[in-house]
Each structure stands twice: as structure tokens, then as C-alpha cells.
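Enquirer: First the structure, which I've put down as C-alpha cells, then a few questions once you've had a look.
The values are calculated or read from the model by the stated rules, or taken from the named source; none is laboratory data. Predicted, not measured: the structure shown is a model, and the values here were computed from it. Note: ideal-geometry Cβ built from the backbone for every residue, glycine included; neighbour counts use all protein chains shown.
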Amino acid sequence: MTRVWRLPVLLVLSGAVVATGLTLRGDPVMAAVPLVLFVLFAGVNSPLVFPRPVPAAEARRRSAADGCPVVYWRPGCTYCLRLRLRLGRDASRLHWVDIWRDPAGAAEVRAANGGDETVPTVLVADRPHTNPDPVWVREQLPPAP
């Protein structure tokens, strides 16, 4: 679990160092700008932006029941973030598996990508799709109830 928060914590600490340096130079107003930017960037790269992850087996079970795709992702992945942000509200309909938290999910991604943990890998009808276009992923969603 701590691995997921490394990048966000590092970003906040970096922002604090930059802000401290600017404050010591006598420019406290300008110190707030990079601090806010670093905190926002940390928030976007944190697990808070993504829907709550589920284990791979549970995601597959839910996908079989409702027909929604399974997304294998990891925190800090810019392509995963792009997919999540471009899906907007529809992202909550997908089943998200954090491969850093779920070894079975990581194994499925490696099996689908020739041994590489390339994410996002989206599983639609038991077929993996590596780094698909967010528009295509949205098209794979069943009609909303």
C-alpha cells in the first residue's frame, strides 16, 4: 500500500521544498504557487482519483455479471490517468484492478503483454487490449440502466 503513495508524497515534499526556498528568499506569495501546483499534481497521481480497486478475481466476476470492462492499472501511470480522466463519470462503471495491490492482476497483465506490466490493459469479453483509446473503451460499456 505504501508503494501507491510514494509518488504523491514525493510530489508534496518537493513542492514544500520549493515553497520553502522561495519563502526564505522573501517571496511568500510566489511560494504558494508551486506548492499548490505540486499538491494538485500529487492528488491527480494518487489513488484518490481512481475508483476503489478490486481484486482481479472479483473484477472478472463482476464483469461477467454486468458486462463492463476490467481495467488493470497502477498509480503514477500517465496513460492510466489519461484513460481515467477522459472516461469521466463512466470510469466508475468499470472494474479497476490496481496491479501493485493485486499480484494476480499483475500476473494477468504480464500474461497479456508478453511478460511486461504494461498498463492500462483493458479486458473486454476476456480479450486484453493494451492502452486502448478512451473513446473505444466508452463504446464497450453496456447501456446505462
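Enquirer: Tell me whether the range 65-72 contains one or more residues that are buried (at least 16 other Cβ atoms within 10 Å of the Cβ) and part of a helix (DSSP H, G or I).
Expert: We begin by selecting, within the range 65-72, every residue buried (at least 16 other Cβ atoms within 10 Å of the Cβ); these are 68-72.
Subsequent filtering for residues that are part of a helix (DSSP H, G or I) retains none.
Within the range 65-72 (the criterion being buried (at least 16 other Cβ atoms within 10 Å of the Cβ) and part of a helix (DSSP H, G or I)), the answer is no, since none of the residues qualifies.
Enquirer: Hey, among Val122, Val97, Val135, which residue is within 22 Å of Trp5 (Cβ to Cβ) and of a type outside the set (Phe, Trp, Tyr)? Explain how you work it out, then say what you get.
Expert: Details: Val122 fails: within 22 Å of Trp5 (Cβ to Cβ); Val135 fails: within 22 Å of Trp5 (Cβ to Cβ).
Going through Val122, Val97, Val135 in turn, the sole match is Val97.
Enquirer: Taking the criterion of being out of contact with any Phe, Trp or Tyr (no Cβ under 7 Å at 6 or more places or on another chain) and in a strand (DSSP E or B), would at least one residue in the range 50-58 satisfy it?
Expert: For the range 50-58, residues out of contact with any Phe, Trp or Tyr (no Cβ under 7 Å at 6 or more places or on another chain) and in a strand (DSSP E or B): absent.
Enquirer: Which one of Glu58, Glu117 is among the acidic types (Asp, Glu) and either modelled with pLDDT of 95 or more or in contact with an Asp or Glu (Cβ under 7 Å, 6 or more places away or on another chain) (or both)? Spell out how you get there, then give the answer.
Expert: Details: Glu117 fails: either modelled with pLDDT of 95 or more or in contact with an Asp or Glu (Cβ under 7 Å, 6 or more places away or on another chain) (or both).
One residue alone meets the criteria, Glu58.
Enquirer: Answer yes or no as to whether Thr78 is touching a helix residue (DSSP H, G or I) at 6+ places or on another chain (Cβ under 9 Å) and polar (S, T, N, Q).
Expert: Details: touching a helix residue (DSSP H, G or I) at 6+ places or on another chain (Cβ under 9 Å): no; polar (S, T, N, Q): yes.
When the stated conditions are applied, Thr78 does not pass them.
Enquirer: Give the range 2-38 a look and list any residue that's assigned to a helix (DSSP H, G or I) and either on the phi > 0 side of the Ramachandran plot or among the small types (Gly, Ala, Ser) (or both), or say none.
Expert: Initially, the range 2-38 is screened for residues assigned to a helix (DSSP H, G or I), giving 2-24, 28-38.
Of everything in the range 2-38, those that are assigned to a helix (DSSP H, G or I) and either on the phi > 0 side of the Ramachandran plot or among the small types (Gly, Ala, Ser) (or both) turn out to be Ser14, Gly15, Ala16, Ala19, Gly21, Ala31, Ala32.
Enquirer: Is there a residue in the range 107-122 that is part of a strand (DSSP E or B) and either closer than 21 Å to Pro55 by Cβ or outside the structural domain of Tyr79 (by TED's automatic domain parsing) (or both)?
Expert: Step one: filter the range 107-122 for residues part of a strand (DSSP E or B), giving 121-122.
Subset that is either closer than 21 Å to Pro55 by Cβ or outside the structural domain of Tyr79 (by TED's automatic domain parsing) (or both): 121-122.
Yes: one or more hits.
Enquirer: Looking at (1) farther than 28 Å from Gln140 by Cβ; (2) of a type in the set (A, V, I, L, M); (3) surrounded by 15 or more Cβ atoms within 10 Å (Cβ to Cβ); (4) touching a residue at least 24 places away in the same chain (Cβ under 8 Å), find the lone condition where Leu81 falls short.
Expert: All conditions pass for Leu81, except number (1).
Enquirer: Considering only residues that are polar (S, T, N, Q) and more than 14 Å from Cys68 (Cα to Cα), which ones fall in the range 82-120?
Expert: Restricting attention to the range 82-120, the residues satisfying the condition of being polar (S, T, N, Q) are 92, 113, 118.
Matches in the range 82-120: Asn113, Thr118.
Enquirer: Next up: Can you tell me which residues in the range 73-94 are under 25 Å from Arg6 (Cα atoms), assigned to a helix (DSSP H, G or I) and of a type in the set (Lys, Arg)?
Expert: Of everything in the range 73-94, those that are under 25 Å from Arg6 (Cα atoms), assigned to a helix (DSSP H, G or I) and of a type in the set (Lys, Arg) turn out to be Arg82, Arg84, Arg86.
Enquirer: Please state which of the following conditions Val137 fails to meet, knowing it meets all the rest: (1) touching a residue at least 60 places away in the same chain (Cβ under 8 Å); (2) assigned to a loop (DSSP other than H, G, I, E, B); (3) surrounded by 16 or more Cβ atoms within 10 Å (Cβ to Cβ).
Expert: So Val137 meets the others, but not (2).
Enquirer: Could you run through the range 86-121 and say how many residues are in contact with a strand residue (DSSP E or B) (Cβ under 7 Å, 6 or more places away or on another chain) and farther than 20 Å from Ser46 by Cα?
Expert: Residues of the range 86-121 that are in contact with a strand residue (DSSP E or B) (Cβ under 7 Å, 6 or more places away or on another chain), as a first pass: 94-99, 105, 108-109, 112-113, 118-121.
Going one step further and asking which of them are farther than 20 Å from Ser46 by Cα, we end up with 108-109, 112-113.
Of the residues in the range 86-121, 4 are in contact with a strand residue (DSSP E or B) (Cβ under 7 Å, 6 or more places away or on another chain) and farther than 20 Å from Ser46 by Cα.
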